[in-house]
Each structure stands twice: as C-alpha cells, then as structure tokens.
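Chemist: Quick one: this structure, given as structure tokens, is what I'll be asking you about.
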Amino acid sequence: MNSDCGNKIFKNMLDETKKQILTNECCLHLLNIGKDCHLGLAQIILSIFEYKDIATMAIPKNKHTWNDCVRRVGSQAGTQVYLEELN
C-alpha cells in the first residue's frame, strides 16, 4: 500500500462527516491487506491515548468503509467478505 492511500484510509476512519470517500485504487489496497490486518491496525491505532475517545465512532466507520470497498471493488480484489457493522 502506498503512503497516500494509507493516509486516506486513516483520515477516512477518523472522519465524522463521512465526506472522505476512498478511491477505488485505495479500496483495492485496503482489501489486499486483508480484513484481519486492517482491523488489527485500526485497533492498535485506536488504542493510542489520543484516539481512545473516538474509538466508538471510528470502529463502526472503519467497518463501513471496508464494506463499501467490498461492494465497489471486491470482485477485482477477490474479496467478498463483508464485516458486521455496529450501529
């Protein structure tokens, strides 16, 4: 994954406005790292003190982003695994 997509994925996870939408290219990178790696990285990042307060918002947003990427480009990445979304 390139650093530009990494930054966009990180900003997307923290974006409360839901205006930050990943490009198809970044979605492909996200899906290629796999759901376990993606969720693990998100949990590590959100365990850092300065992000703990937003974890309850960011984790569902993170799952929504994954599912949106699967819906849009999952067939290209060979990934059709959706994550359970928390409301």
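The values are calculated or read from the model by the stated rules, or taken from the named source; none is laboratory data. Every value quoted in this text rests on a predicted model; they were computed, and no experiment measured them. Counting neighbours? That spans all protein chains shown, and the Cβs are built from the backbone with ideal geometry, glycine included. Just so you know, the surface numbers come from the protein's heavy atoms only, side chains and all, with ligands and any DNA or RNA stripped out. Shrake-Rupley method; radii C 1.70, N 1.55, O 1.52, S 1.80 Å.
Chemist: If you take the residues of the range 60-77 that are touching a residue at least 12 places away in the same chain (Cβ under 8 Å) and open to solvent by 60 Å² or more (accessible area, probe 1.4 Å), which of them is nearest to I9 (Cα to Cα)?
Modeler: Result: H64.
Chemist: Can you pull out the residues in the range 28-56 that are assigned to a loop (DSSP other than H, G, I, E, B) and within 11 Å of the chain's Cα centre (by Cα)?
Modeler: Of everything in the range 28-56, just one residue is assigned to a loop (DSSP other than H, G, I, E, B) and within 11 Å of the chain's Cα centre (by Cα), namely G34.
Chemist: If you don't mind, another one. Do you know which of the residues in the range 8-27 that are assigned to a helix (DSSP H, G or I) and over 11 Å from the mean Cα position of the chain (by Cα) is surrounded by the fewest Cβ atoms within 10 Å (Cβ to Cβ)?
Modeler: For the range 8-27, the residue satisfying everything is N24.
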